[in-house]
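The values are calculated or read from the model by the stated rules, or taken from the named source; none is laboratory data. On a predicted model such as this, the values are computed, not experimentally measured, just so you know. Quick reminder, even Gly has a Cβ in these numbers, built from the backbone with ideal geometry, and neighbours come from all protein chains shown. We work out accessible area using only protein heavy atoms, side chains counted, and drop any ligands, DNA or RNA first. Shrake-Rupley method; radii C 1.70, N 1.55, O 1.52, S 1.80 Å.
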Amino acid sequence: MVDTSQIKEHMEVVGSCGNHVGTVDHVEGDRIKLTKNDSADGKHHYLPLSAIASVEGNKAKTSMNHMDAMKQFQDA
């Protein structure tokens with residue numbers, strides 16, 4: 001699991017393919033709350049921390065492509 005202190009507000013979450021998944025609002029327990037700014041339905045979504053494989057620069061990279069990562073979204 002990735003060190004949660006590496007995941008920062010406004011960091012982009014990308015799939016293993018490099019495509020956009022979401023933008024970090026903050027880490028909340030064992031999941032990441034994503035901003036609603038770039039959400040198609042205008043709501044906050046949560047992504048399990050276990051989906052993050054690495055942090056590279058200002059991007060948190062998932063272990064799956066962006067479409068599969070978005071299927072991992074959880075609601076509040």
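Numbers below:
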{"read-out": "Sulfur and carbon atoms: percent of accessible area, the chain [1.4 Å]", "value": "46 percent"}
{"read-out": "About the Cα centre, charge dipole magnitude for the chain (Lys/Arg +1, Asp/Glu -1 at Cβ), debye", "value": "80 debye"}
{"read-out": "Residue-wise HN-Hα coupling along the stretch 67-73, computed from phi with Karplus coefficients 6.51, -1.76, 1.60 (Hz; x: Gly, Pro)", "value": "5, 5, 5, 5, 6, 7, 4"}
{"read-out": "In sequence order, calculated HN-Hα J values of the stretch 15-32 (Karplus, 6.51, -1.76, 1.60; Hz; x Gly/Pro)", "value": "x, 4, 7, x, 7, 5, 10, x, 10, 5, 8, 5, 8, 10, x, 9, 8, 9"}
{"read-out": "Placed amide H near M11: partners under 5 Å, 5+ positions off or other chain", "value": "V24"}
{"read-out": "Accessible-area order (highest first, 1.4 angstrom probe) of the listed residues T62, T4", "value": "T4, T62"}
{"read-out": "Contact order relative to length of the chain, as percent, for alpha carbon pairs under 8 angstrom and 6 or more apart", "value": "33 percent"}
